[in-house]
Amino acid sequence: MNISRRSVLAGGAAAAALSALGPFAAFAQETATGLRPMTGDVVPIGRDEYLARIARARDLMGRHGLAALLIEPGSSMTYFCGVQWWRSERLTALVIPREGEPCVVTPEFEEPSVRESLKVPAEVRIWNEHQNPHERVAGILRDRRATGPVGIEETVRYFAVDGLRRAMPSVEIRPADPVVRGCRMIKTAHELALMRKASDITIAAYRHIAPRIRAGMNPAQIEAMYVAAATALGGRGAGGLILLGEASAYPHGSGQPQAVREGEVVLLDSGCNVEGYASDISRTFVFGAPTAAQRRVWEQVHEGQRIAMRAAQIGRPAGSVDDAVRAQYERWGYGPGYRLPGTPHRTGHGIGMDGHEPVNLVHGETTPLAAGMCFSNEPGIYIPGQFGIRLEDCFYMTTEGPRWFSTPPPSIDRPFD
């Protein structure tokens, strides 16, 4: 459930990550002394892989009757052509026609910067401030004879779609989900390796900072230690959510002052990325000796993770994983359904280049589980006014069943083993 900060340019540089720590930067960097990058064996996504992704998209376009895709900056644009850019009021867009060369539309003064990260052969069409960028998109479609339905990537903003309709009134607009999700949801062995490395870095950072957590520390200090450690270990875009004491009873925390106190819960929910691929891992423990209630709920969440893994089988609906966990939780007296005390959020979310991707492990989701899909497994239990427990590890589907990226810890007493 990590809601960490993300840089617009593939996680940002290490210096940028550390400068974001503000007054805790020096303290955090000192705690990370001696750590070395774990990324020496990492291989970036290469040109042939980008071209294979475009070829796969074109095959799916043919199957679903689409003539082209329209994609704005973000992870999908990076996924297909490598371009790392941000969204503003000035349109930059990628057009992938079913036939012919892809094309990036961007303001003229941005062209050199956009070309820097372009990883595939593609035309770049520019526009100036007094010109209509949507006319450029329409011109590409006409030149590529992509006059059939245009698939719109699901995060594209309204102004880009409306502008295309105005520039090309005959255009038929359809969702591009069957194509974009059809590519991105199924990870390759290389993508899985990058995600595994990001998970390894997060776990190593947790193990490094855990013995350095002291009574009286606040969430910002603990996060600063995590960011410094994960960055030193080679992770990018590191950050997360630190919940202490009663704040752990609310999945995304509280604005009330928090501090580490004896006998209270410490919940770490953090991640990083490696070559643009994310990790998302949560660990919950007690600073001091756990109470019987804390220990019991921790064990229930631990069992919830095991139930989810048993339920995650090829061909089953993604929502059935959530249903299996929730059925047991209701037998323990939680809920019913998404009510508190219990689990108010889905059992898991998709993960890949984005920390949260389609599809989710949530009631009613009918997408069949398939090899290469990746999810978080985080069936937390929250008791308002008291505490919450969240254990989160991500997994990927194989033809033989699910496999962990990071292995859940054995007990509340050994939260980082």
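The values are calculated or read from the model by the stated rules, or taken from the named source; none is laboratory data. Note that the structure is a prediction, hence the values are computed from the model and not measured. Here the Cβ is made from the backbone with ideal geometry for all residues, glycine too, and neighbour counts use every protein chain on show. These accessible areas exclude ligands, DNA and RNA; they are computed on the full protein's heavy atoms, side chains included. Shrake-Rupley method; radii C 1.70, N 1.55, O 1.52, S 1.80 Å.
Just checking, how many residues over segment 96-116 are out of contact with any Leu (no Cβ under 6 Å at 6 or more places or on another chain), within 25 Å of residue 182 (Cα to Cα) and β-branched (Val, Ile, Thr)? Write out each step before concluding.
Our first condition is that a residue be out of contact with any Leu (no Cβ under 6 Å at 6 or more places or on another chain); within segment 96-116, this holds for 97-103, 105-116.
Then drop every residue that is not within 25 Å of residue 182 (Cα to Cα), which leaves 97-103, 105.
If we keep only those that are β-branched (Val, Ile, Thr) too, we end up with 105.
Matching residues across segment 96-116 total 1.
Exactly one residue out of 66, 91 is open to solvent by less than 10 Å² (accessible area, probe 1.4 Å), more than 20 Å from the chain's Cα centre (by Cα) and within 21 Å of residue 119 (Cα to Cα), and it is 91.
Just one of (1) crowded, with 23+ Cβ neighbours inside 10 Å; (2) touching a residue at least 60 places away in the same chain (Cβ under 8 Å); (3) touching a Pro at 6+ places or on another chain (Cβ under 6 Å) fails for residue 174. It is (1). The residues on offer are 105, 124, and the sole one that is touching a residue at least 24 places away in the same chain (Cβ under 8 Å) and open to solvent by less than 50 Å² (accessible area, probe 1.4 Å) is 105. Within segment 268-278, the presence of at least one residue that is among the aromatic types (Phe, Trp, Tyr) and under 30 Å from residue 42 (Cβ atoms) is confirmed. When segment 212-226 is filtered for residues that are in contact with a Phe, Trp or Tyr (Cβ under 9 Å, 6 or more places away or on another chain) and part of a helix (DSSP H, G or I), the ones remaining, listed by number, are 220, 221, 223, 224, 225, 226.
Residues of segment 285-313 that are in contact with a Pro (Cβ under 8 Å, 6 or more places away or on another chain) and among the β-branched types (Val, Ile, Thr): 301, 307. Report yes if residue 181 is buried (at least 18 other Cβ atoms within 10 Å of the Cβ), touching a Pro at 6+ places or on another chain (Cβ under 7 Å), part of a helix (DSSP H, G or I) and in contact (Cβ under 8 Å) with a residue 24 or more places away in the chain, otherwise no. Yes, satisfied.
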